[in-house]
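Okay, structure first, notes after.
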Amino acid sequence: MTVQFGGLKVLNQLSLEFGDSPISSLIGPNGAGKTTVFNAFSGIVKPSTGRLLFEGRDITGSSPVAIARLGIVRKLQVPTVFPGLSVSDNLKIAAQAPRRSHEASGGGGWKIDDVTDLLHLSAKRGKIAGELSHGERQWLEIGMAFVGRPKVLLLDEPAAGLGPDESEHTARLIKEISHLCPAVVIEHDMNFIRSLGGRVIVLHQGAVLRQGTMEEIESDPVVRDIYLGRHSNA
């Protein structure tokens with residue numbers, strides 16, 4: 001797949017396949033194409049060339065709503081909860097979003113109480129979302145993306161702005177969810193990626209540079225030079 005804006009190729013004949021790992025993490029310097037991958041997956045950006053296939057179905061050019069209804073759901077980097085509503089009400093609204101039909105999703109979304117238990121927000125079901133900490137709002141939005149039983153969960157920098165304890169909890173939460181729904185994660189925090197485990201994909205100049213376990217990626221001299229070394233703060 002290629003995505004080109006004018007003379008700039010943001011993605012350059014990128015070839016990726018997901019499904020062999022419950023968690024896949026996309027890393028790479030700024031400008032490597034990570035966000036554009038998510039934009040293409042979720043229908044915001046149309047590929048200049050190439051195709052997007054989901055469960056054998058060509059979804060190239062499909063609208064964001066049509067893609068969400070197929071079960072590809074994205075959590076944005078900045079929390080977008082409804083600050084004046086309770087935790088439970090946020091989840092109830094998210095469960096009614098235009099996602100898969102009840103027939104296709106196996107009977108609708110998860111129960112709200114089960115999701116708040118998973119998020120460790122059971123004691124705050126009735127609390128107004130605007131009064132939650134930054135980390136709790138991140139967890140709530142992950143729950144809002146998950147409550148409709150997606151088939152794939154796209155998480156854009158879920159550890160951004162979190163402290164060590166919050167990051168640790170977020171990693172545990174994503175690992176728990178990944179047993180029910182595969183997750184693809186964009187993140188700059190290498191410690192967070194390391195704690196997630198799973199497959200790590202390094203993007204560079206719009207193409208896949210390397211992929212493997214975090215241990216394999218960290219030991220690769222080319223990756224260290226391009227990203228983990230000179231550009232570790234990118």
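The values are calculated or read from the model by the stated rules, or taken from the named source; none is laboratory data. Keep in mind it's a predicted model, so treat the numbers as computed, not measured. Every residue, glycine as well, gets a Cβ built from its backbone with ideal geometry; the counts of neighbours run over all protein chains shown.
Tabulated data for the structure shown
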item	result
Close pairs (9 angstrom Cβ cut-off, 6 or more residues apart or separate chains): farther than 23 Å from Arg137 by Cβ and modelled with pLDDT of 90 or more in the range 61-79, among the aliphatic types (A, V, I, L, M) and assigned to a helix (DSSP H, G or I) anywhere	Ser62/Leu70
Candidates Val37, Val45 - the one that is out of contact with any His (no Cβ under 6 Å at 6 or more places or on another chain), closer than 14 Å to Glu17 by Cα and of a type in the set (A, V, I, L, M)	Val37
Per-region count, the range 1-32, residues out of contact with any Gly (no Cβ under 9 Å at 6 or more places or on another chain) and among the β-branched types (Val, Ile, Thr)	1
Per-region count, the range 61-82, residues farther than 16 Å from Val152 by Cβ and either among the polar types (S, T, N, Q) or touching a strand residue (DSSP E or B) at 6+ places or on another chain (Cβ under 7 Å) (or both)	3
Residues of the range 1-46 that turn out to be under 17 Å from Phe192 (Cβ atoms), hydroxyl-bearing (Ser, Thr, Tyr) and in a strand (DSSP E or B), as a count	2
Members of the range 126-136 that are surrounded by fewer than 20 Cβ atoms within 10 Å (Cβ to Cβ) and not acidic (Asp, Glu)	Gly126, Lys127, Ile128, Gly130, Ser133, His134, Gly135
Selected residue (criterion: farthest from the chain's Cα centre (by Cα)) from residues of the range 47-69 that are part of a helix (DSSP H, G or I) and buried (at least 18 other Cβ atoms within 10 Å of the Cβ)	Arg69
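Listed here are the residues, each with its yes/no results for (1) in contact with a Phe, Trp or Tyr (Cβ under 6 Å, 6 or more places away or on another chain); (2) small (Gly, Ala, Ser); (3) touching a residue at least 60 places away in the same chain (Cβ under 8 Å).
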| site | (1), (2), (3) |
| --- | --- |
| Ile128 | no, no, no |
| Ser133 | no, yes, no |
| Met144 | no, no, yes |
| Pro158 | no, no, yes |
| Pro182 | no, no, yes |
| Asp220 | no, no, no |
| Asp225 | no, no, no |
